[in-house]
1. Tell me the residue from V356, V320 that is modelled with pLDDT of 95 or more and of a type in the set (V, I, T), please.
2. Select from the range 208-234 the residues that are in contact (Cβ under 8 Å) with a residue 40 or more places away in the chain, within 20 Å of G467 (Cβ to Cβ) and open to solvent by 30 Å² or more (accessible area, probe 1.4 Å) and list them in ascending order.
3. Taking strands (runs of 3 or more DSSP E) that do not extend beyond the range 418-464, which have at least 1 residues that are farther than 30 Å from D361 by Cα?
4. Of all residues in the range 385-401, count the ones that are assigned to a strand (DSSP E or B) and open to solvent by 30 Å² or more (accessible area, probe 1.4 Å).
5. So which residues in the range 332-347 are open to solvent by 10 Å² or more (accessible area, probe 1.4 Å) and either basic (K, R) or in contact (Cβ under 8 Å) with a residue 60 or more places away in the chain (or both), if there are any at all?
6. Inside the range 408-428, can you point out the residues that are touching a residue at least 60 places away in the same chain (Cβ under 8 Å), open to solvent by less than 30 Å² (accessible area, probe 1.4 Å) and either over 37 Å from the mean Cα position of the chain (by Cα) or more than 19 Å from V341 (Cα to Cα) (or both)?
7. Taking the condition of being assigned to a loop (DSSP other than H, G, I, E, B) and either closer than 24 Å to Q478 by Cα or touching a Phe, Trp or Tyr at 6+ places or on another chain (Cβ under 8 Å) (or both), how many residues in the range 347-361 meet it?
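The values are calculated or read from the model by the stated rules, or taken from the named source; none is laboratory data. This is a predicted model, so every value here is computed, not measured. Here the Cβ positions follow ideal geometry from the backbone for every residue, glycine too, while neighbour counts run over all protein chains shown. Just so you know, the surface numbers come from the protein's heavy atoms only, side chains and all, with ligands and any DNA or RNA stripped out. Shrake-Rupley method; radii C 1.70, N 1.55, O 1.52, S 1.80 Å.
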Amino acid sequence: MDSQKEALQRIISTLANKNDEIQNFIDTLNHTLKGVQENSSNILSELDEEFDSLYSILDDMKESMINSIKQEQARKSQELQSQLSQCNNALENSEELLEFATRSLDIKEPEEFSKAARQIKDRVTMASAFRLCLKPKVSDNMTHLMVDFSQERQMLQTLKFLPVPKAPEIDPVECLVADNSVTVAWRMPEEDNKIDHFIMEYRKTNFDGLPRVKDERCWEMIDNIKGTEYTLSGLKFDSKYMNFRVRACNKAVAGDYSEAVTLETKALNFSLDNSSSHLNLKVEDSCVEWDPTGGKGQESKVKGKENKGSGTPSPKRTSVGSRPPAVRGSRDRFTGESYTVLGDTAIESGQHYWEVKAQKDCKSYSVGVAYKTLGKFDQLGKTNTSWCIHVNSWLQNTFAAKHNNKVKALDVPVPEKIGVFCDFDGGQLSFYDAHSKQLLYSFKTKFTQPVLPGFMVWCGGLSLSTGMQVPSAVRTLQKTENGMTGSTSSLNNVTQ
């Protein structure tokens, strides 16, 4: 009976997954069909615009050429009209002189004849008819303004759709996810020297496998990529996966998208648990700030006492690991001088990393982890259920590691930002300078319960950076850290 139920449950799960895949494919087909219709309309509109632009260019060129012909016609006409006017005047003067010379032949008096002959000679010498160039200054030839459209006509007749670049192929083996950066590499299925650049699109998702059309996040675009790989840096890994796709572009058109690939981008994400934080702490998601007025009007605080009768604390969100968190009641708020707030996500397996930055004027703060059973009066590092490093700049400057009410002074500068590495399965809690990745201190222990990130702050504030992978530099240091001093056992021999 039980085996049949298990088999039936597997069948139901398989059918549900298959139905989900089919529905996703139906959504993809509908989206593609809508895209074909919209894109076809867009292409037709663009084609009309291109031809209208071409017609406009031809009209402009025609108008310009007509103007050039008219200007040349006017120039030549003006030249010929001027020359014609000069010739007419010269001809009129010449005919008048010819008539005068003819009449002079009839003069009988020698003296009168000589006088007339001298006048004729002088007028002939000065006559414009003998200074005229009897050749047109311009020709009637206009062939230099004629246009041969045979090449252009042939080019237009061979006009066709532009070649579209083929879709690139993303190689998942060559892709790299490390240090909250993702390097995506691709190649063209065949060489194409017309490629000008690539466009990469990406989006975060919590679904593995093929991208879903109805996903919760939109695609983001990186344009004008000249090479065949690109690195996205400084990401917050607040989703389990990221989808990537690439398209190639030549000078005129973009090709189809590559088949999308899905890369895993898991990291620890948590917020601060406002419901159980100390009343003197103002908590907003990933920031906590000391608020001296926050506890006014509440019950008087009991100092230095342990909350032995309180219920076991419970985070708001799910635990990190393969096992489900235990069902527990809500915990009381931290009170007294604990000034503590815990993360809302428990760690019960794996390796995780987050970073903490204190305000410059923060007087005192602690950063570490604690079991869920940390009492509401307890301070981080003063119980055997919590581990931390503590920074104090009030009255005197101290920087120390704390556990089980034991203190180990740290002879290193306090960094601007502290990185926290928790290896639950390996029983290790290490603190680093987040910028240089210098090891500050490392606890060695065996975690027997799920742990929660823990923070104490007084007169100041802290801000968290989560959704971070374990940095490569930290992973490398962890391999060589075994055997170094700074373990929990060393704290047991140090007095406060």
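1. On the way: V320 fails: modelled with pLDDT of 95 or more.
Only one candidate passes the filter, namely V356.
2. Those that are in contact (Cβ under 8 Å) with a residue 40 or more places away in the chain, within 20 Å of G467 (Cβ to Cβ) and open to solvent by 30 Å² or more (accessible area, probe 1.4 Å): D208, T231, S233, G234.
3. Here the list reads 428-433, 439-444.
4. The initial filter retains those residues of the range 385-401 that are assigned to a strand (DSSP E or B), namely 386-392, 398-401.
Those still in the list that are open to solvent by 30 Å² or more (accessible area, probe 1.4 Å) too: 398.
Summing the residues that are assigned to a strand (DSSP E or B) and open to solvent by 30 Å² or more (accessible area, probe 1.4 Å) in the range 385-401 gives 1.
5. R333, Y339
6. The answer is D423, F424.
7. Selection size over the range 347-361: 3.
Residues checked against (1) in contact with a helix residue (DSSP H, G or I) (Cβ under 9 Å, 6 or more places away or on another chain); (2) farther than 17 Å from C459 by Cα:
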position	(1), (2)
I347	no, yes
Y353	yes, yes
V356	no, no
C362	no, no
K376	yes, yes
N384	no, yes
V391	no, no
H403	yes, yes
K408	yes, yes
